[in-house]
């Protein structure tokens, strides 16, 4: 049975890593339909996840899972604006799964951002709030 592909996503090229035994860089461009058939419903599950209001992100080797409810996302965005937080500038773009350079100060997460987030730190960079695991300095989630 073919998987439902949202309008506008059909035959759009994406890059997928093929197989776990392939050497680094063995990527192949595939369409959404090809990826959906490869993963037997994975695209349908991902499409359903986009419709949810709570975002769950699993990243990194430890598989950290972070859930941010919509009301906390709003508080985070408001906090950055109201407190006029200055973004940090780095040579490399700070990305999910990447490490924050040692010379960048990690800020404490305010308690009103939600109880599940206080164990993390954050960095504001490039108009983006990035949640960071303070032990590894790994970015676990971008708050958008």
Residue count, segment 67-78 (criterion: closer than 16 Å to residue 123 by Cα and either assigned to a loop (DSSP other than H, G, I, E, B) or out of contact with any helix residue (DSSP H, G or I) (no Cβ under 7 Å at 6 or more places or on another chain) (or both)): 3
Conditions (1) surrounded by 16 or more Cβ atoms within 10 Å (Cβ to Cβ); (2) at pLDDT 90 or above: number failed by residue 78: (1)
Residue 118 vs. criteria within 17 Å of residue 135 (Cβ to Cβ) and in the same structural domain as residue 138 (by TED's automatic domain parsing): yes
Selected residue (only one of 56, 90 is at pLDDT 50 or above, surrounded by 11 or more Cβ atoms within 10 Å (Cβ to Cβ) and over 21 Å from residue 110 (Cβ atoms)): 90
1 or more residues in contact (Cβ under 8 Å) with a residue 60 or more places away in the chain and over 23 Å from residue 71 (Cα atoms): qualifying strands (runs of 3 or more DSSP E) within segment 87-144: 138-143
Residue list for segment 90-144, restricted to those being under 14 Å from residue 79 (Cα atoms) and in contact with a helix residue (DSSP H, G or I) (Cβ under 7 Å, 6 or more places away or on another chain): 110, 112, 113, 114, 124, 129, 143
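The values are calculated or read from the model by the stated rules, or taken from the named source; none is laboratory data. All values reported here derive from a predicted model rather than from experimental measurement. As a convention, Cβ positions derive from the backbone with ideal geometry for all residues, glycine included, and neighbour counts pool all protein chains shown.
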